[in-house]
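Please read the structure below before turning to the comments.
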Amino acid sequence: MSTSKMAVKHALSLKILAECPTTKARVCKLVLPHHTVDTPVFMPVGTQGTLKGMLPAQLEELDCQIILGNTYHLGMRPGPELLDKADGLHNFMNWKRALLTDSGGFQMVSLLKLAEITEEGVKFQSPHDGREMLLTPEHSMAIQNSIGADIMMQLDDVVHSTTKGPRVEEAMYRSIRWLDRCMKAHKRTDCQNLFGIVQGGLDPELRKICVQEMTKRDLPGFAIGGLSGGEEKTHFWRMVHLSTDYLPKNKPRYLMGVGYAVDLVVCSALGCDMYDCVFPTRTARFGSALVPTGQLPLKNKQFARDFRPIDENCRCSTCARYTRAYLHSIATQETVACHLVTVHNIAYQMNLMRCLRQSILEGRFPQFVQEFMDTMYPSKNYPEWVVEALAAVNINLQKSQSQQDNPLENAKTCS
């Protein structure tokens, strides 16, 4: 087992610009080969080399700095040979900014009925054409090297977040062994960064062991995996809090699979830097728009004669040109509706993270959190897990505080 502490020159650098003196929140510049990313950052998911309903140029217009691709799906289609000929996914999809690839390990959970897991790797039956594919740590690295992502993830042994018993420990130790195989197989260390993924389920001791073992390896960054899979939120936040306590401060911390606005705010307070989730794009396809108070289900009859934009304070092209009434008439019926609502939802996520970062830079992050929660929960019925998680980093939500006239005014104008 490799535990070398020899310094390795990585293809990224992380500069901490500001730290909240109350919480663990921070703002960093993450310099990657294709783009410099401001963190905390939300990364939209473009599974197949495309973000459903949006062009790469539109993502740039919204100042999206980094997106995701999926190794398993890209390995199936278009496949590594074509990606090699195209000189990587950046060129193939005409995306000039940063790119992160998931290792394919998550399909162990999402395609479990089609997968067989052994020490060698994961044998899949393709849901596309029934073909068998053995995804080993070495194969995952080869595909990701062909993709050419700025950040690529180790192949880890993923179990459902609610799993208990010896399988959780088995998966955690196997993930450490597979990390060593990934490091050995990684062929492009000069221009691609390999992140380890901390596993251990909901067991604090296993999480600690995994962090301690993985941080013995000189990796450019680390992810917190195996969460956001249906576990109770009270367990979720505690595992995040514990992980950021033990992960190194001088390297990026990526919390996988998180994209709800409340989760982004809370987990930034807990010290996370990077997030991804299909939620903003998937919910757009069902006609649901993200707003500071939660979601607008545009198919509801109440919007049929509502000639306001989705959000009067949003600067996206959808809000500038289209009304709720129009979107109500086409949502889930016309493909353009998916496009229009997706543009808004990604704009919402980008603005939320931009305002969150600015509040940290200006030394008012706890105030931002209070105002965000008061807008999301105007009756002050904050979820108990949110109250507990924020209290753990010294933010005590003020249930007795009178609601401000316009609590997110700073957030709405911060861009």
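Going by what's in this entry, would Arg97 be described as open to solvent by 20 Å² or more (accessible area, probe 1.4 Å) and at pLDDT 95 or above? So Arg97 fits the description; yes. Within the stretch 185-208, being surrounded by fewer than 17 Cβ atoms within 10 Å (Cβ to Cβ) and either without any contact (Cβ under 8 Å) to a residue 12 or more places away in the chain or among the aliphatic types (A, V, I, L, M) (or both) holds for one residue alone: Glu205.
One residue stands out in the stretch 103-118 among those that are at pLDDT 85 or above and among the polar types (S, T, N, Q): the one that is least open to solvent (accessible area, probe 1.4 Å), namely Ser103. The set of residues in the stretch 327-342 that are open to solvent by less than 10 Å² (accessible area, probe 1.4 Å) and either not in a helix (DSSP H, G or I) or not small (Gly, Ala, Ser) (or both) comprises Leu327, Ala331, Val341, Thr342. The residue of the stretch 161-188 that is nearest to the chain's Cα centre (by Cα), among those that are closer than 18 Å to Glu120 by Cβ and of a type in the set (Ser, Thr, Tyr), is Ser175.
I'd like the full set of residues that are part of a loop (DSSP other than H, G, I, E, B), farther than 17 Å from Met153 by Cα and either touching a residue at least 40 places away in the same chain (Cβ under 8 Å) or in contact with a His (Cβ under 7 Å, 6 or more places away or on another chain) (or both), limited to the stretch 61-93. Step through it out loud before you land on a result.
Looking only at the stretch 61-93, we keep the residues that are part of a loop (DSSP other than H, G, I, E, B), and these are 62-65, 77-79, 86-88.
Filter once more, keeping what is farther than 17 Å from Met153 by Cα: 62-65, 77-79, 86-87.
Correct list: Leu62, Asp63, Cys64, Gln65, Arg77, Asp87.
Pairing each residue of the stretch 130-151 that is under 22 Å from Glu116 (Cβ atoms) with any residue that is aromatic (Phe, Trp, Tyr) and outside any helix (DSSP H, G or I), provided the two are 6+ apart or on different chains, yields C-beta distances under 8 Å for Glu132/Phe124; Met133/Phe124; Leu134/Phe124; Leu135/Phe124.
The sole residue among Gly121, Gly130, Gly148 that is modelled with pLDDT under 80 and either small (Gly, Ala, Ser) or closer than 18 Å to Arg177 by Cβ (or both) is Gly130.
The strands (runs of 3 or more DSSP E) found wholly in the stretch 116-193 and carrying at least 1 residues that are farther than 21 Å from Gly257 by Cα occupy 122-125, 132-135. For the stretch 213-244, which positions are of a type in the set (A, V, I, L, M) and under 14 Å from Met256 (Cα atoms)? Within the stretch 213-244, Ala223, Ile224, Leu227, Met239, Val240 meet the criteria.
Pairing each residue of the stretch 6-35 that is in contact (Cβ under 8 Å) with a residue 12 or more places away in the chain and part of a strand (DSSP E or B) with any residue that is surrounded by fewer than 20 Cβ atoms within 10 Å (Cβ to Cβ) and hydroxyl-bearing (Ser, Thr, Tyr), provided the two are 6+ apart or on different chains, yields C-beta distances under 9 Å for Lys29/Ser13; Lys29/Thr36; Leu30/Ser13; Leu30/Thr36; Val31/Ser13. When the residues of the stretch 37-60 are filtered to those that are free of Cβ contacts under 8 Å to residues at least 60 places away in the same chain and out of contact with any His (no Cβ under 6 Å at 6 or more places or on another chain), the one that is surrounded by the most Cβ atoms within 10 Å (Cβ to Cβ) is Gly46.
Answer yes or no: is there a residue in the stretch 210-220 that is free of Cβ contacts under 8 Å to residues at least 24 places away in the same chain and part of a helix (DSSP H, G or I).
Checked the stretch 210-220: no residue is free of Cβ contacts under 8 Å to residues at least 24 places away in the same chain and part of a helix (DSSP H, G or I).
In this structure, Ala347 does satisfy being crowded, with 17+ Cβ neighbours inside 10 Å, touching a Cys at 6+ places or on another chain (Cβ under 6 Å) and of a type in the set (Gly, Ala, Ser). Can you spot a residue in the stretch 209-222 that is open to solvent by 40 Å² or more (accessible area, probe 1.4 Å), β-branched (Val, Ile, Thr) and modelled with pLDDT of 95 or more? So far as the stretch 209-222 goes, yes, one or more of its residues are open to solvent by 40 Å² or more (accessible area, probe 1.4 Å), β-branched (Val, Ile, Thr) and modelled with pLDDT of 95 or more.
The values are calculated or read from the model by the stated rules, or taken from the named source; none is laboratory data. Quantities reported herein were computed from a predicted structural model and do not represent experimental measurements. Note that each Cβ is placed from the backbone with ideal geometry, even for glycine, and that neighbours are counted across all protein chains shown. The accessibility values were calculated without ligands, DNA or RNA, using every heavy atom of the protein model including side chains. Shrake-Rupley method; radii C 1.70, N 1.55, O 1.52, S 1.80 Å.
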